[in-house]
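Below: one structure, written as structure tokens.
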Amino acid sequence: NGITTGAGGAGKFAPDNTCTREQMVTFLWRLSGSPEPNEGCGFTDVAEDAWYYKAVSWAKENGITTGISDTLFGVGGSCTREMCVTFLWRAAGKPSASSPSGFEDVKAGAYYEEAVAWASETGVTTGVSATKFGVGGLCTRAMIVTFMYRYSNL
């Protein structure tokens with residue numbers, strides 16, 4: 001569906017490679033039809049000629065990302081499980097879950113608390129076990145596309 005173009009050469013997906021923040025946002029942007037952003041992202045670590053510039057600009061414009069600070073997106077940073085589901089949850093319009101996630105490693109009041117509850121309730125994620133979401137765990141490319149596949153079939 002054109003969401004990913006592979007990694008490291010023709011015909012390779014690299015499912016076990018850790019996904020970066022810009023890869024995650026670019027996958028989500030492509031899943032959304034690669035819409036043109038109306039303005040630049042304003043993050044100093046995102047060059048205008050970077051392959052992910054439009055994706056990050058679109059994500060910021062639509063409230064999907066706020067960056068890791070007011071001026072930095074976090075280029076090159078690994079995408080954690082909570083970042084991934086938060087990006088998806090924001091792209092979905094921040095829908096409410098009917099109950100908390102029930103995962104013991106999701107702290108009350110954490111920026112990702114509602115996103116994890118929604119992702120668990122909708123089946124976007126099942127966690128790493130019955131009681132743990134896997135907070136802080138790095139998302140592989142395989143995990144990200146699995147979350148996105150489930151999200152796109154909601």
Pair list, Cβ < 6 Å and 6+ apart or interchain, from the range 90-111 residues that are touching a residue at least 12 places away in the same chain (Cβ under 8 Å) and on the phi < 0 side of the Ramachandran plot to residues that are part of a loop (DSSP other than H, G, I, E, B) and of a type in the set (G, A, S): R90/G63; F103/G127
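Out of everything in the range 100-154 that is aliphatic (A, V, I, L, M) and part of a loop (DSSP other than H, G, I, E, B), what residue ends up being least open to solvent (accessible area, probe 1.4 Å)? Give the steps one after another, and end with the answer.
Filtering the range 100-154 for residues aliphatic (A, V, I, L, M) gives 106, 108, 110, 115-117, 119, 124, 128, 130, 135, 138, 142-145, 148, 154.
Filter once more, keeping what is part of a loop (DSSP other than H, G, I, E, B): 106, 108, 110, 124, 128, 130, 135, 154.
On the way: V106: 21, A108: 93, A110: 24, V124: 0, V128: 95, A130: 97, V135: 52, L154: 111 Å².
It comes out as V124.
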Would you be able to say whether some residue in the range 12-28 is open to solvent by 40 Å² or more (accessible area, probe 1.4 Å), farther than 19 Å from F147 by Cβ and in a loop (DSSP other than H, G, I, E, B)? yes
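A quick yes/no check of all residues on (1) in contact with a Leu (Cβ under 6 Å, 6 or more places away or on another chain); (2) assigned to a helix (DSSP H, G or I); (3) surrounded by 21 or more Cβ atoms within 10 Å (Cβ to Cβ); (4) modelled with pLDDT under 95:
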| site | (1), (2), (3), (4) |
| --- | --- |
| N1 | no, no, no, yes |
| G42 | no, no, no, no |
| G63 | no, no, no, no |
| F73 | no, no, yes, no |
| C84 | no, yes, yes, no |
| W89 | no, yes, yes, no |
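The values are calculated or read from the model by the stated rules, or taken from the named source; none is laboratory data. What you are looking at is a predicted structure, and each value in this text was computed from that prediction instead of being measured. No Cβ is skipped: glycine too gets one built from the backbone with ideal geometry, and neighbour counts run over all protein chains shown. Protein only, heavy atoms only, side chains kept; ligands, DNA and RNA dropped before computing areas. Shrake-Rupley method; radii C 1.70, N 1.55, O 1.52, S 1.80 Å.
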